[in-house]
Amino acid sequence: MSATNRANHKRNANDSYPTPSWCTEAIVREIVWTSDSRVLEPCCGDGAISRVIEHVQWVSHIEWCEIQMGRDFLEYDFFGERFDFVITNPPFSLAQEFVEKSLTLANCVIMLLRLNFLASGKRKEFWEKHPPTAIHVLTKRPSFTGNGTDATDYAWFVWDTTGRQKHGMFWI
Ligand SMILES: C[S@@+](CC[C@H](N)C(=O)[O-])C[C@H]1O[C@@H](n2cnc3c(N)ncnc32)[C@H](O)[C@@H]1O
């Protein structure tokens with residue numbers, strides 16, 4: 001769900017913006033992992049997040065979807081399979097749908113979202129129904145295009161039902 005709001009910026013097809021590795025490394029350090037963790041990356045793109053996660057010693061399996069590789073996450077049937085974590089940077093235009101489906105699949109959902117995603121009246125009902133348990137604000141702005149940063153701030157939003165993760169506001 002990355003990228004820029006500049007008027008002259010044309011968004012990539014499918015909102016394809018790989019997450020810089022430092023952003024993933026920053027949240028990996030904050031997560032309380034359990035051994036044999038099973039992770040779902042529901043829109044893996046070129047694998048930018050998965051390549052960081054696969055080095056976490058407690059991760060035993062990473063499942064994936066990616067519409068450009070024929071697996072539409074919102075349509076995909078997991079046949080009851082569950083995960084310890086869903087971690088992704090979702091397509092901006094489908095962020096809410098991604099969170100909602102992820103919450104049915106994992107006890108801990110972690111999404112990189114724009115900070116102003118919080119401030120939309122359109123999503124009031126969604127936030128009241130699904131308040132995040134933690135928000136880890138990125139104190140440095142990521143560049144998703146390789147052409148510098150835009151005027152957009154991001155945070156990792158966490159929905160944790162296990163009680164194992166830190167709850168509250170953090171700046172990383
Ligand atoms: C912002 S990019 C992030 C890619 C990757 N998660 C990362 O962080 O590097 C969003 C990705 O979502 C994929 N995508 C868009 N709609 C999708 C869908 N319905 N199901 C699965 N993937 C989708 C896009 O093709 C793109 O790769």
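A few comments on the model shown:
- The condition (being open to solvent by less than 10 Å² (accessible area, probe 1.4 Å) and away from the ligand (no atom under 16 Å from the Cβ)) is satisfied by just one residue among Ala95, Ala134: Ala134.
- Some residue of the range 100-113 being hydrophobic (A, V, I, L, M, F, W, C), touching a His at 6+ places or on another chain (Cβ under 6 Å) and either open to solvent by less than 30 Å² (accessible area, probe 1.4 Å) or in a strand (DSSP E or B) (or both): no
- Residues considered: Thr161, Thr152. Of these, the only one that is under 26 Å from Tyr76 (Cβ atoms), polar (S, T, N, Q) and touching a helix residue (DSSP H, G or I) at 6+ places or on another chain (Cβ under 9 Å) is Thr161.
- Test: residue in the range 94-109 that is more than 22 Å from Thr161 (Cβ to Cβ) and more than 15 Å from the chain's Cα centre (by Cα): no
- Residue match in the range 11-20 (condition: under 22 Å from Gln165 (Cα atoms) and surrounded by 15 or more Cβ atoms within 10 Å (Cβ to Cβ)): no
- Where Lys122 falls short, out of the listed (1) surrounded by fewer than 17 Cβ atoms within 10 Å (Cβ to Cβ); (2) basic (Lys, Arg); (3) at pLDDT 95 or above: (3)
- Scanning the range 67-97 for residues that are assigned to a strand (DSSP E or B) and touching a residue at least 12 places away in the same chain (Cβ under 8 Å) returns Phe83, Phe85, Val86, Ile87, Thr88.
- Answer residue from the range 11-41, given it is touching a strand residue (DSSP E or B) at 6+ places or on another chain (Cβ under 7 Å) and not β-branched (Val, Ile, Thr) and is farthest from Leu103 (Cα to Cα) among those: Cys23
- Residue that is touching a helix residue (DSSP H, G or I) at 6+ places or on another chain (Cβ under 7 Å) and touching a residue at least 24 places away in the same chain (Cβ under 8 Å), where the choices are Met169, Met111: Met111
- Subset of the range 67-87 (residues that are within 10 Å of the ligand (Cβ to nearest atom) and on the phi > 0 side of the Ramachandran plot): Gly70
- Number of the exception - Gln57 against (1) over 26 Å from Pro131 (Cα atoms); (2) not in a loop (DSSP other than H, G, I, E, B): (2)
- If you go through the range 137-172 and keep only what is of a type in the set (Asp, Glu), within 14 Å of the chain's Cα centre (by Cα) and surrounded by fewer than 17 Cβ atoms within 10 Å (Cβ to Cβ), you end up with nothing.
The values are calculated or read from the model by the stated rules, or taken from the named source; none is laboratory data. None of these values were measured; they are calculated from a predicted model. Cβ: placed from backbone, ideal geometry, glycine included. Neighbour counts: every protein chain shown. These accessible areas exclude ligands, DNA and RNA; they are computed on the full protein's heavy atoms, side chains included. Shrake-Rupley method; radii C 1.70, N 1.55, O 1.52, S 1.80 Å.
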